[in-house]
1. If the chain between L47 and A91 were fully stretched, how many nm would it gain, using 0.36 nm times the residue separation less the Cα-Cα distance?
2. What angle, in degrees between 0 and 90 and rounded to the nearest 10, separates the Cα long axis of helix 38-62 from the longest principal axis of the Cα atoms of the chain?
3. How would you rank 16-25, 86-95, highest first, on the average number of other Cβ atoms within 10 Å across their residues?
4. How high is the relative contact order of the chain, in percent, counting Cα pairs under 8 Å that sit 6 or more residues apart?
5. Compute the helix-to-body angle for 74-90: its Cα long axis versus the longest principal axis of the chain, expressed 0 to 90° and rounded to tens.
6. How would you rank S45, S98, S110, going from fewest to most other Cβ atoms within 10 Å of each one's own Cβ?
7. If I model a spin label as a point 7 Å beyond the Cα along the Cα-Cβ vector, how far apart are those points for D146 and A27 in nm?
8. Only counting other Cβ atoms within 10 Å, I'd like D40, D146 sorted with the fewest neighbours first.
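Only the coordinates and a few stated rules stand behind these numbers; no lab work does. None of the values given here were measured: they were computed from a predicted structure. Note that we place each Cβ from the backbone using ideal geometry, even for glycine, and neighbour counts take in every protein chain shown.
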Amino acid sequence: MRPGQKRFLRFLQSWLINTLAVLVAVALLHGHITYQNWSDLFIASLLLGILNAFVRPVLMLLALPLLIFTLGLFTLVINALLLYFVGTLMAPHFQVDSFGFAFLGALIISVVSIALNVMTGNARVTIQRRPPPPKKSDDDDKPVIDV
């Protein structure tokens, strides 16, 4: 398989995962995030993917102080803004009722996307436990004074 074909297949897999994640968010937030037909859902997830690829990095750079201050949790707000923007662009075919539901939808989409990417092998989650540091033999018998 040629490299161009691999990239295209990876793009299709990513798009399908994103579409499934949006579908789960629509199902869980029934009536608050809506679409009219399946093609609208596919277009909305494609538009969300394009915005995540091009607009999200700019927003992350602009919001860097907030990202640092909130230890990265402001990323959810950026994701919610992008989802709400997709709903605004595609109204009435794909709609998001409010920013609050966009935030919940972005949270659901993030969790489902991570889970599906881990299950398909696109991402790996590793948990490592470091061994304790070795004890120094010269400090064992001396009293410790903490300042």
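1. That pair, L47 and A91, stretches by 14.5 nm at full extension.
2. It is inclined by approximately 40 degrees.
3. Result, highest mean Cβ count within 10 Å first: 16-25, 86-95.
4. The normalised contact order for the chain reaches 28 percent.
5. 0 degrees
6. Taking fewest neighbouring Cβ atoms as first place, the list is S98, S110, S45.
7. The modelled label-to-label distance comes out at 5.0 nm.
8. In order of increasing Cβ crowding within 10 Å: D146, D40.
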